[in-house]
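The values are calculated or read from the model by the stated rules, or taken from the named source; none is laboratory data. Predicted, not measured: the structure shown is a model, and the values here were computed from it. With ideal geometry, Cβ positions are generated from the backbone for all residues, glycine too; neighbour counts draw on all protein chains shown. All accessible areas refer to the heavy atoms of the entire protein, side chains included, with ligands and DNA or RNA removed. Shrake-Rupley method; radii C 1.70, N 1.55, O 1.52, S 1.80 Å.
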Amino acid sequence: MKIMLITGGSRGIGAATATLAAASGYAVAVNYNKNKEAAGAVVAAISARGGKAIAVQADIAIEADVLRLFETTDKQLGRLDCLVNNAGILEKQIRVEEITADRLNRIFAANITGQFICAREAIKRMSTKHGGNGGTIINVSSIAARLGSPDEYVDYAASKGAIDTFTIGLSKEVAAEGIRVNAVRPGLIYTDIHADGGEPGRVDRVKAALPMKRGGQPSEIAEAILWLASEKSSYATGSFIDLGGGR
Ligand code: NAP
């Protein structure tokens, strides 16, 4: 049984990925930060269908938490085959002229440092250089990396720009060690994240401006993540799949 760790697997895109991964035969570590109930519900739904999953609390912005997350996964599931670097945050819509260093530090710690540290721990376990069997890392970026999110959250968009560069660099660094590193760039997806920006109905407000005239579902992102995780994408590394309805 292949083992997949999904950061932020309790809700939204991460939860859809956990559900699809379990249905595809992975044992899944469902990481969450605060919402124990939501993580428990994802694990219960997987177990009810005969799948294998565990819920692990860890704030990926805190290095000691990340170490505990990976050690728990080692002990309870076994050696990792795939990391989905999915957890990410944004904050209330504001302009850059109002931004504070505290806010930037929170967003960059979760969205950038967290992904780097999780990838580091995954490489230690997967790299053939360290006696591992290889594996895959899928980073969840955003179409915002290309658009910049003016008047909403340029800080968030910039953090996703960093993830794009991280994906390119890391993919080359570990390509000869059996690890493929790719990214998905979702567009406007129906999840709770928009409420954190202060606008729960954001997808429905903006959707008419999209070429496809609709928002996306978390399951539509999960399908691409599972393809990148699998051998079906065996020659893809440093690649990006844009899932933005043509945006
Ligand atoms: P969401 O519905 O708000 O869910 C966020 C998930 O991340 C939750 O499981 C949450 O855990 C977890 N999380 C947040 N901060 C964390 C931390 N510090 N440590 C560990 N877990 C943490 O978000 P989503 O929309 O599914 O977003 C998932 C990813 O897709 C993010 O990277 C986001 O930037 C990206 N994305 C989303 C969209 C979109 O339109 N929705 C578009 C482009 C990219 P708790 O349940 O414990 O809070």
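Just the residues that are part of a helix (DSSP H, G or I) and either among the polar types (S, T, N, Q) or open to solvent by 60 Å² or more (accessible area, probe 1.4 Å) (or both), please, taken from region 119-139.
Passing the criteria: Arg120, Lys124, Thr128, Lys129, His130.
Please verify whether region 48-56 includes one or more residues that are within 13 Å of the ligand (Cβ to nearest atom), open to solvent by 60 Å² or more (accessible area, probe 1.4 Å) and at negative phi.
Looking through region 48-56, none of the residues is within 13 Å of the ligand (Cβ to nearest atom), open to solvent by 60 Å² or more (accessible area, probe 1.4 Å) and at negative phi.
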* Mind listing just one residue for me: the one in region 146-156 that is buried (at least 16 other Cβ atoms within 10 Å of the Cβ) and at negative phi and, of those, farthest from the ligand (Cβ to nearest atom)? => Val154
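Yes or no: Ile94 β-branched (Val, Ile, Thr), open to solvent by 10 Å² or more (accessible area, probe 1.4 Å) and assigned to a loop (DSSP other than H, G, I, E, B)?
Spelling it out, Ile94 is indeed β-branched (Val, Ile, Thr), open to solvent by 10 Å² or more (accessible area, probe 1.4 Å) and assigned to a loop (DSSP other than H, G, I, E, B).
Just for helices (runs of 4 or more DSSP H) wholly inside region 162-247: which have at least 2 residues that are open to solvent by less than 70 Å² (accessible area, probe 1.4 Å) and more than 10 Å from the ligand (Cβ to nearest atom)?
218-229
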* From the options Ser159, Ser142, residue that is closer than 15 Å to Asn182 by Cα, open to solvent by less than 30 Å² (accessible area, probe 1.4 Å) and within 16 Å of the ligand (Cβ to nearest atom) -> Ser142
* Among residues belonging to region 19-41 that are more than 11 Å from the chain's Cα centre (by Cα) and buried (at least 24 other Cβ atoms within 10 Å of the Cβ), point out the one that is nearest to the ligand (Cβ to nearest atom). => Tyr32
